[in-house]
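Structure first, then comments.
No value in this document is a laboratory result; all are computed from the given coordinates. Please read all numbers here as calculations on a predicted model, not as lab measurements. All Cβ positions, glycine included, derive from the backbone under ideal geometry; neighbour counts span all protein chains shown.
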Amino acid sequence: MRKPGGLKNNRMMGMAGCALVLVLIIAGFLGRGESSAVPAVTDHAMGDKHSPAAAAAQWEQLMELAAGAVREDLQGTAKWQGAWPTLLSPEEAAGALASRLGLGGIREERVQGRTVYRASGDAEAIASSLTLTKFPGEDESYYVVLRMEGQGAGAVRGMKERIALSGESLADEGVRIQWNGALQGELNPEAAGQASAEQAVQSPLHRSLSTLEKGNWHALNLTAVEDYEDGGTISRSYTVPDMAISVASGGHQVSLQMAVHRNDLTGREEISLGSPLLTVEY
């Protein structure tokens with residue numbers, strides 16, 4: 001959700017996977033204010049943690065978390081990313097993936113002294129963008145990122161199928177896929193309801209986060225493990241046994257991060273839900 005006065009609180013979450021992070025930064029994959037976190041998780045070829053089916057199911061869980069708590073005009077962002085060992089040249093590799101994913105022609109760009117191959121396309125209110133770059137010092141290995149974005153409840157629901165299909169396509173081509181997703185939007189004032197005695201003494205941001213937690217605590221068996229707070233933003237990460245995709249963070253396997261941010265221009269509270277972590281600005 002990038003708009004004037006929107007979700008612009010740039011909070012960088014330094015997490016695992018530093019080597020891959022360096023590749024992403026050099027290649028220019030990370031957008032302004034996005035996290036440099038790359039989950040240290042099981043490759044598709046080594047297990048089913050990041051299988052397309054698991055990712056689609058986790059996206060459904062994020063939608064259930066947002067239902068009622070976030071206004072209908074929410075934004076969804078999902079990414080598949082990972083290493084791809086292949087004998088194809090960079091142009092051939094990028095072209096093969098773009099064709100498989102139904103995207104447009106390849107564009108070659110120079111970003112911070114490195115060549116990046118890009119392709120994009122829009123279908124059914126979902127925008128997709130593909131980037132491919134070579135690993136430093138590797139002759140036959142690339143790093144691939146497929147980003148999908150949708151605005152509004154209908155597009156967000158449609159992304160579930162797109163996540164599954166695109167993940168299958170990338171895995172079939174041999175990409176060692178890893179997934180993350182996020183939903184963002186303004187807090188629905190009706191979700192707060194009547195504050196309890198405990199909530200009445202909390203700050204508005206803590207009260208909103210508490211409301212989100214209490215609405216989903218028992219359904220997902222959330223366990224809060226990490227907190228972050230800075231001025232107009234508060235975020236918390238959780239272990240969630242019912243979410244298959246997780247990332248190691250602070251000695252825990254984190255599957256969910258929730259954040260509440262007060263927009264200084266509108267005075268409204270904005271919600272961000274990320275799995276396994278928030279890797280978009282909030």
Computed over the range 86-151, Cα set: Rg, Dmax in Å: 12.2, 39
The range 242-282: relative contact order in percent, alpha carbon pairs under 8 Å with at least 6 residues between: 37 percent
Reachable aspartates and glutamates, given that their alpha-carbon falls under 13 Å from the alpha-carbon of Lys49 and they are not under 8 places away in the same chain: Asp242
Stretchable slack from Glu60 to Thr223, in nm (0.36 nm times residue separation minus alpha-carbon distance): 56.7 nm
Cα coordinate range in the range 47-166, projected on the principal axes (Å, largest first): 49, 31, 26
Contact order relative to length of the range 96-189, as percent, for alpha carbon pairs under 8 angstrom and 6 or more apart: 18 percent
Separation of the His252 and Ser99 label points, Cα + 7 Å toward Cβ, nm: 4.7 nm
Residue-span extension gain [Ala67 to Leu265] - 0.36 nm each, minus C-alpha spacing: 68.8 nm
In Hz, Karplus ³J(HN,Hα) per residue of the range 233-238 (6.51, -1.76, 1.60; θ = phi - 60°; x = Gly, Pro): 9, 9, 9, 8, 10, 9
3J(HN,Hα) from dihedral phi, the range 86-91, Karplus parametrisation 6.51/-1.76/1.60, rounded to Hz, x for glycine, proline: 7, 7, 5, 5, x, 5
Sparse-neighbour loop sites [trypsin sites (Lys or Arg not before Pro); the range 229-270; at most 14 other C-beta within 10 Å; DSSP]: Arg268
Net length gained if the chain between Asp230 and Ala125 were fully extended (0.36 nm per residue, minus Cα distance): 34.4 nm
